[in-house]
Amino acid sequence: MKFAILVFPGSSCEVDVEHALTEVVGQQADVLWHTEVADLTAYDAVVVPAGAAYGDYLRPGALVKGSPAFEALKTFAASGKLVLGVGNGFQILTEAELLPGALLQNKNLKFQSGVSTLKVENVKTAFTSEYTEGESIEIPFAHQYGNYFVDEATLAAMRENDQIVFTYEGEDHGSTAKIAGVVNEAGNVFGMMPMPERAVEEILGHTDGLALFKSILKKVA
């Protein structure tokens, strides 16, 4: 399987993602600088990693709309292939309107980091089939804009379409309905604030992120 890791100025977790994909799950992954991307069709999946694209100016992920890679990402998602956005990557996917909602500042208005305890709400997605429904998992996080917001009508539609994938069991940063990860209606675009690539090896202290990458491989294989 061939992954593209899409990097913008200010992205900072592409090395973590590349290590997880190549060294841990044994797949091919290319780290692509955004100005050099006009076409992503050669890839099976795209990962938009965490960081602070364009310094989070205006708001996190907003300035990516001016990147040469922006239309290529939207075209790739529209093709039905898999897109994963983590942290700032999740913020970028909401700004691109590939996922519903928006990411606001944490309710305490501070940067926070640590380990989130998440509940697996949906195992029918391409990203979570290797989990057990209702399972509690631990995934590291690091963000200031981790407060996921949708209005009541959108939340109702997401529940109806089974788009809520992970929820927080502990600190939720103010997120609507404790949401930590969501999928689009088509099921091929997924975003989450905690960072599964930091939970794939025992040496890291956590391995609960490994099932996410195995789920992706199972879907595409």
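The values are calculated or read from the model by the stated rules, or taken from the named source; none is laboratory data. Because the structure is a prediction, the values reported are computed rather than measured. We place every Cβ from the backbone using ideal geometry, glycine too, and count neighbours over all the protein chains shown. SASA here: full protein model, heavy atoms, side chains in, ligands and nucleic acids out. Shrake-Rupley method; radii C 1.70, N 1.55, O 1.52, S 1.80 Å.
Numbers at a glance
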read-out	value
Theoretical ellipticity at 222 nm over the chain - DSSP helices of four or more residues, -39500 (n - 2.57) apiece, nearest 500	-5500 deg cm²/dmol
Region 97-206 - percent of accessible surface contributed by carbon and sulfur, probe 1.4 Å	46 percent
Region 82-119 versus region 139-191: alpha-carbon centroid distance in Å	8 Å
Region 49-107: GluC sites (Glu not before Pro) falling in loop per DSSP and having at most 16 other Cβ within 10 Å	Glu97
3J(HN,Hα) from dihedral phi, region 173-184, Karplus parametrisation 6.51/-1.76/1.60, rounded to Hz, x for glycine, proline	6, x, 4, 3, 6, 6, 6, 10, x, 9, 10, 6
The chain, accessible area per residue, ligands and nucleic acids excluded (1.4 Å, Å²)	42 Å²
Beta bridge orientation in region 1-129: antiparallel %, DSSP, nearest 5	5 percent
Proximal charge balance of Val189 [Cβ under 12 Å; K/R count +1, D/E count -1]	0
Options Thr75, Ile5, Ala42, ranked by Cα towards positive dipole end of the chain, top entry (Cβ charges)	Thr75
Carbon + sulfur, % of accessible area of region 1-95 - ligands and nucleic acids excluded, 1.4 Å	50 percent
Vicinal HN-Hα couplings computed from phi for region 43-52 (Karplus, 6.51 cos²θ - 1.76 cosθ + 1.60; Hz; Gly/Pro x)	9, 8, 7, 10, 10, 9, x, 6, x, 8
Neighbour net charge for Ala102 - beta-carbon separation under 11 angstrom, K R +1, D E -1	-2
Residues whose placed amide H lies under 5 Å from that of Gly10, excluding near-sequence neighbours	Tyr54
Karplus-derived HN-Hα couplings along region 114-121 (A = 6.51, B = -1.76, C = 1.60, θ = phi - 60°), whole Hz, x at Gly and Pro	x, 10, 8, 9, 10, 9, 7, 8
Kirkwood Rh and Cα Rg combined as Rg/Rh, region 48-170	0.95
Calculated FRET efficiency for the pair Glu135/Ser79, C-beta based, R₀ 22 Å, to 0.05	0.10
All Cα pairs of the chain, percent lying beyond 31 Å	10 percent
